[in-house]
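Heads up: the structure comes next, in structure tokens.
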Amino acid sequence: MPRQQSGYIWKVGGSWYGRWREDVLEESRVIRKQRSVKLADVSDRYRTKADVRPLLAEKLRPINEGRHGPRARCQSLISSRTSTCLSSKRTTSPLPLWATRKFGKST
């Protein structure tokens, strides 16, 4: 199971921000990038880090569940290609070059 991220929360002026790391595909390689985003303005509803934590957790949910990023897309591509290969002799499209290098030969 992949490692779970909780992210980092900080306040600048009157706003709360969140930071986390995300895998992205650049030039046929998986690169880990740091992302940050404004979560909310400081208000009665969002006074402390604990109040803002659910907002960041919602942004991190797809990453922590493995439904986001190039690895998730690649797994869905591989599984759809395998089912296509099993159901017919001819495939509709070959694997992209990055997936071919990572997961084996294209037919």
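All conditions in (1) touching a His at 6+ places or on another chain (Cβ under 8 Å); (2) at pLDDT 95 or above hold for PRO62, with the sole exception of (2). May I ask you to say which residue of VAL37, VAL30 is surrounded by fewer than 15 Cβ atoms within 10 Å (Cβ to Cβ), among the β-branched types (Val, Ile, Thr), in a strand (DSSP E or B) and in contact (Cβ under 8 Å) with a residue 24 or more places away in the chain? Exactly one of VAL37, VAL30 is surrounded by fewer than 15 Cβ atoms within 10 Å (Cβ to Cβ), among the β-branched types (Val, Ile, Thr), in a strand (DSSP E or B) and in contact (Cβ under 8 Å) with a residue 24 or more places away in the chain, namely VAL30.
Listed here are the residues, each with its yes/no results for (1) surrounded by 13 or more Cβ atoms within 10 Å (Cβ to Cβ); (2) modelled with pLDDT of 95 or more; (3) under 11 Å from the mean Cα position of the chain (by Cα).
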| site | (1), (2), (3) |
| --- | --- |
| GLY18 | yes, yes, no |
| GLY66 | no, no, yes |
| CYS74 | yes, no, no |
| ILE78 | yes, no, no |
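Counting only residues that are on the phi > 0 side of the Ramachandran plot and surrounded by 13 or more Cβ atoms within 10 Å (Cβ to Cβ), the stretch 1-16 holds 1 of them.
The values are calculated or read from the model by the stated rules, or taken from the named source; none is laboratory data. In this text, all values refer to a predicted model and were calculated from it rather than measured experimentally. For neighbour counting, all protein chains shown are included, and Cβ atoms are generated from backbone atoms with ideal geometry for every residue, glycine included.
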